[in-house]
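*Asks:* First, the structure itself, so that you have it in front of you.
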Amino acid sequence: MIVGSANIDQVFRVTTIPAPGETVLSHGSSIALGGKGQNQAVAAARAGASTAFIAALGDDAFGRSVRDGLAEDGIDSTGVRTATAPTGTALIAVDGSGENTIIVESGANALLELTDTDARTIAAAAVLVLQLEVPLETVTAAARIARAAGTRVLLNAAPIQELPEELLANVDILVVNEHEGAFLARGGDVAGLAPVVIVTLGAAGAVAYEGGRETATVPAPRVSAVDATGAGDTFCGALAARLAEGAMLADALRFAVAAASLSVQSHGAVPSIPTRARIDGTLM
C-alpha cells in the first residue's frame with residue numbers, strides 16, 4: 001500500500017549538471033512516468049506484491065498517462081482521485097555519470113487528502129509506504145491510521161524536511177540516505193530515530209539498524225550506472241514487497257539493493273524499475 005505522489009518526468013541528458021547561472025545543451029530528452037509515490041508503487045508491484053496506490057492527479061493528458069501506466073502494472077488505483085490542479089511534473093537533468101538534479105512542480109499532489117475509504121484500505125494493508133512529496137498532514141494521518149490498525153509503516157523521508165514528532169512516533173521503518181539521516185539526527189545518532197532505520201549509501205549499498213544497533217550491511221554490486229533517477233524509490237518499493245511477504249529484514253535489504261542496482265543501469269524512473277524475475281536472477 002502506497003500513499004504518495006505521481007508525476008510526469010521530463011528528463012534531459014546532459015554532460016554536466018548546470019551550475020547556477022550556467023546554460024548547458026541537452027543531448028537527448030524523454031518524458032516518462034515518475035513521482036516518488038508512483039515509482040514506489042510500481043517497484044512494489046513489479047517485485048511481486050499486490051499493490052494499491054492512493055494519489056491525486058489532474059484532469060489532463062498527463063493524468064491519463066499515469067492511470068494507464070498503473071493499470072499496465074496491475075496496481076489497484078481505486079484510491080487515485082482527480083484534483084482541480086494539473087498532474088505533478090518533474091524537470092530532471094541527468095549527467096554522464098548517472099547523477100541527477102530534480103525540480104518538482106507538485107500540482108495535484110499538493111491537494112491529496114485521505115478519505116474514509118482510504119483509511120479502510122490502509123488498515124487492511126500489510127505494509128504502508130510513505131514519502132514526503134504530498135502534504136505532511138496527509139502523511140502523518142496515514143501513519144496514524146496504519147499504526148492504529150497494526151499496519152507496518154515504512155517512511156522514506158524524502159524530499160527531506162522537518163518531521164512532526166507524531167509522524168516519527170508512528171514509523172516502524174525509516175529509510176533515508178546519508179544526507180537525510182544527518183539532517184534528521186542533527187548531529188546525533190540516526191540509528192535511534194525509529195525502531196528500524198535503513199540508510200541507503202548509493203553505490204556502497206545500504207545498512208540497517210534495529211533497536212539502535214547495526215544488524216545488516218549489504219554492499220551493492222558493481223554496475224555501470226547511467227541514471228540514478230528513481231533508484232531510491234525502487235529500493236523502497238522492493239523492500240516493502242519482500243517485507244509484506246514475511247521476509248527477514250536482512251533478506252529484504254539484499255533484495256532491495258539488488259533492485260536498485262538494476263534500476264540505475266537504465267534511463268528514467270518507472271521505465272528502469274526491474275521485475276521480480278530480474279531481481280531474483282541477480283541473487284542466485
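Please treat every number below as a calculation from the coordinates, not as lab data. These numbers were taken from a predicted model, which means no experiment stands behind them. No Cβ is skipped: glycine too gets one built from the backbone with ideal geometry, and neighbour counts run over all protein chains shown.
*Asks:* If Asp73 satisfies every condition in (1) out of contact with any Lys or Arg (no Cβ under 7 Å at 6 or more places or on another chain); (2) under 18 Å from Ala244 (Cβ atoms) but one, which is the exception?
*Replies:* So the condition that Asp73 fails would be (1).
*Asks:* Can you name the number of the only condition in (1) within 22 Å of Glu210 (Cα to Cα); (2) in contact (Cβ under 8 Å) with a residue 12 or more places away in the chain that Asp251 fails?
*Replies:* Only one criterion in (1) within 22 Å of Glu210 (Cα to Cα); (2) in contact (Cβ under 8 Å) with a residue 12 or more places away in the chain is unmet by Asp251, namely (2).
*Asks:* Taking region 52-80, which residues are among the charged types (D, E, K, R) and either assigned to a helix (DSSP H, G or I) or out of contact with any helix residue (DSSP H, G or I) (no Cβ under 6 Å at 6 or more places or on another chain) (or both)?
*Replies:* Asp59, Asp60, Arg64, Arg67, Asp68, Glu72, Asp76
*Asks:* In the list Ala93, Ala49, Ala44, which residue meets the criterion of being over 24 Å from Ala225 (Cβ atoms) and in contact (Cβ under 8 Å) with a residue 24 or more places away in the chain?
*Replies:* After ruling out the rest, the residue left standing is Ala49.
*Asks:* Residues in region 7-34 that are assigned to a loop (DSSP other than H, G, I, E, B) and either within 23 Å of Ser106 (Cα to Cα) or touching a His at 6+ places or on another chain (Cβ under 9 Å) (or both): how many?
*Replies:* 4
*Asks:* Do we have any residue at all in region 62-76 that's of a type in the set (A, V, I, L, M), without any contact (Cβ under 8 Å) to a residue 40 or more places away in the chain, touching a Gly at 6+ places or on another chain (Cβ under 9 Å) and within 30 Å of Ala225 (Cα to Cα)?
*Replies:* Within region 62-76 (the criterion being of a type in the set (A, V, I, L, M), without any contact (Cβ under 8 Å) to a residue 40 or more places away in the chain, touching a Gly at 6+ places or on another chain (Cβ under 9 Å) and within 30 Å of Ala225 (Cα to Cα)), the answer is yes, since at least one residue qualifies.
*Asks:* Also: I'd like the full set of residues that are closer than 13 Å to Ala260 by Cβ and out of contact with any Ser or Thr (no Cβ under 8 Å at 6 or more places or on another chain), limited to region 177-198. Break it down into steps so the answer makes sense when it comes.
*Replies:* Step one: filter region 177-198 for residues closer than 13 Å to Ala260 by Cβ, giving 177, 198.
The answer is Ile198, and nothing else.
*Asks:* What are the residues in region 217-244 that are of a type in the set (Ser, Thr, Tyr) and in a helix (DSSP H, G or I), if any?
*Replies:* Correct list: Thr234 only.
*Asks:* Something else: Going by what's in this entry, would Ile102 be described as within 25 Å of Thr200 (Cβ to Cβ), in a loop (DSSP other than H, G, I, E, B), touching a strand residue (DSSP E or B) at 6+ places or on another chain (Cβ under 8 Å) and hydrophobic (A, V, I, L, M, F, W, C)?
*Replies:* Spelling it out, it is not the case that Ile102 is within 25 Å of Thr200 (Cβ to Cβ), in a loop (DSSP other than H, G, I, E, B), touching a strand residue (DSSP E or B) at 6+ places or on another chain (Cβ under 8 Å) and hydrophobic (A, V, I, L, M, F, W, C).
*Asks:* May I pose another question? Any residue in region 41-51 that is assigned to a strand (DSSP E or B) and under 15 Å from the mean Cα position of the chain (by Cα)?
*Replies:* No, the conditions are met nowhere in region 41-51.
*Asks:* From Ala247, Ala277, grab the single residue that is part of a loop (DSSP other than H, G, I, E, B) and surrounded by fewer than 24 Cβ atoms within 10 Å (Cβ to Cβ).
*Replies:* Result: Ala247 is the single residue among Ala247, Ala277 that is part of a loop (DSSP other than H, G, I, E, B) and surrounded by fewer than 24 Cβ atoms within 10 Å (Cβ to Cβ).
*Asks:* From the list Ala260, Ala206, which one is buried (at least 23 other Cβ atoms within 10 Å of the Cβ) and more than 23 Å from Leu70 (Cβ to Cβ)?
*Replies:* Ala206
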